1. Full-extension gain between B:Met254 and B:Leu179, please, as 0.36 nm times their residue separation minus the C-alpha to C-alpha distance.
2. Residue by residue through B:215-225, how many Cβ atoms from other chains fall within 10 Å of the Cβ on average?
3. Counting only residues 5 or more places away or on other chains, whose amide H sits under 5 Å from the amide H of A:Ser107 once H atoms are built in the peptide plane?
4. Tabulate in residue order the Karplus-calculated ³J(HN,Hα) for the range A:204-212, using 6.51 cos²θ - 1.76 cosθ + 1.60 with θ = phi - 60°, rounded to whole Hz; enter x for Gly and Pro.
5. Determine the distance separating the Cα centre of the range B:157-191 from the Cα centre of the range A:152-230; give it in Å without decimals.
6. Say R0 is 41 Å: what FRET efficiency, to the nearest 0.05, do B:Trp152 and B:Phe210 get from their beta-carbon distance?
7. ³J(HN,Hα) across the range A:243-250 via Karplus (A = 6.51, B = -1.76, C = 1.60, θ = phi - 60°), whole Hz, x for Gly/Pro?
8. Run through the range B:116-167 and list the chymotrypsin sites (Phe, Trp or Tyr not before Pro) located in a DSSP loop whose Cβ has at most 12 other Cβ atoms within 10 Å.
Amino acid sequence: MSDLSSRKLSRRKLITTGIAAAAGVSGLGVAARLAEKYGLIPPDHGGIWGLGETLTYASQRLLTRHSLAREFSRSQISKSPFPNEIEPPTDEFKRLQAGGFADWRLSVNGMVARPASFSIDELKSYPSHTQITMLQCEEGWSYIAEWIGVPLSQILQAVEVLPQARYVVYFSIEPDTWESIDMADALHPQTFLTYGMNGDELPVGHGGPLRLRLPRQVGYKNVKFITGLTVTDSMKGFGKGLGGANAEGGYAWYAGI
Amino acid sequence: MSFVPAACYHSRVGDSAYLPSAASAVPTAVPSTTAALRHSALVRATHWITALCFLALLVSGTNIVISHPRFYWGETGNDLTPTLFKLHIPASRNLVPTGYGYVLPDQNGWSRYLHFQSAWIVVFTGLLYIISGFVTGHFRRNLLPDKAELSWRSFSATVASHLRFQRPGEADAQSYNLLQRLSYLFVIFILFPFVIWTGLAMSPAFVSAFPATVNVLGGQQSARTLHFFVSLALVLFLLVHVGMVGFAGFRSRMRAMITGRASTNRSSTNRSSTNRSSTNRSSTNRSSTDMEST
């Protein structure tokens, strides 16, 4: 084989490799822009874990936008639902608990036409919904319970969410405890503001009087003791902009896996 | 099904034009160079990416298990319910009744990030490997046992040589033996798909779209327990695999998987293996090396 033909071969290889690389890079660029447009980029997309987190969020968002979490029969409800640990209650919580949570308020603000505040009784005045779904913790344990509450979508409808809204941020009465979800999850029919469990009031250990229930994501997104919702189009300005206290603590913002 | 005779593939290895020195000096035509390699560039690249990802999955998976070293069967299970079995190790969460008086530091945040990122990379790598394996004939040529090899005599001969701890000879440096082929096929087409499936069956969002993936396994906790056992099977494979590499000749096997070139060291051919003597595979190659060594 002559030197000339081998050089030709290597040049051809160089050109095709170059074209392939350019196509790959521009393809990635187009994919990134499309992903941004369709809301497939999570707030914690930066850093060394951004690749896996973005792939997980984007693919699960595409596959599961409307799918319903598995519901179980009444006989499958766990007899021993593990409540997990809660922080020692604050003085404010103790005061509200002493009053039977009559003064508990859920404030809703941000990108909404009519900011509002709801008591537990006002939330209960909406038609109540139930779901028998599994709560699974990222640690590996789980239980099934009946959850009673009002779908978050109904409250968002009541306050008239503005069209540019992209996230709902939710805050707990526990200090530095907050999370956020995208509108697909916020408007999902199984995302509840939960005030009851297994036919009774929601016990304090399980987040009573009000817990955000999100059966398609693991436990830490199901924040207990909810006192506030803020609708926003960007996570910038909320803490470090990663979308939640757990994300700031090194846990993935999207926890559908 | 027709097979490309393995002898054709092996006979090229002995061609002097493809000895390491010659191959590096003269950039020869691409197709014959790849054919002369023990492992193609794609097999080598996917092998090492998979190896790295597997180690990352193993470390992060272990960390995740430590946060709740209890296993269940069915849909649910937690600290208040009986277990299927538990690992007698300390945990990284203080409410787990382990019997130890201390709690390990929480590593789940980065472990979960690393676990899923490695899973993505290994899935893409595996897809590339499997598609190219079918397209290039790698599976048919190098991994699928041929008919002669699947005889009981051949199988027992291979098993017997393994049981006698017979060191693999030159033929095994150029081609996989029957047990190797079967275990690689089992890992590639059974264990890896099953570990991915059982992993996805634990995802509440994934199973909301594909509930059958968890229902047929018997529930979410069953999926978790199965995921653990398939991981153990993969670890067992890894240990035997690395052990056999050491046994067969660490340097030559590593060189083959890194540079792609098989060992040309003749000293090893003196212990020519008998485990494949009942087949005609690579007979051309073996007869030539046997003549040289005797």
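1. On the way: separation 75, 0.36 × 75 = 27.00 nm, distance 1.96 nm.
Fully extending the segment from B:Met254 to B:Leu179 adds 25.0 nm.
2. That works out to 2 on average.
3. Here A:Phe118, A:Gly228, A:Leu229 satisfy the definition.
4. 4, x, 9, x, x, x, 8, 10, 7
5. For the range B:157-191 versus the range A:152-230, the Cα centre distance is 56 Å.
6. Working: r = 41 Å, r/R0 = 1.01.
After rounding, the FRET efficiency stands at 0.50.
7. Values, residue by residue: x, x, 5, 5, 4, 5, x, x Hz.
8. Numbers: sites: B:Phe116, B:Trp120, B:Phe124, B:Tyr129, B:Phe134, B:Phe139, B:Trp152, B:Phe155, B:Phe165; in loops: B:Phe165.
Answer in residue order: B:Phe165.
All of the numbers you see were taken from the coordinates with simple rules; none came from a lab. Everything numeric here is computed off the predicted structure, so don't read it as measured data. Here the Cβ is made from the backbone with ideal geometry for all residues, glycine too, and neighbour counts use every protein chain on show.
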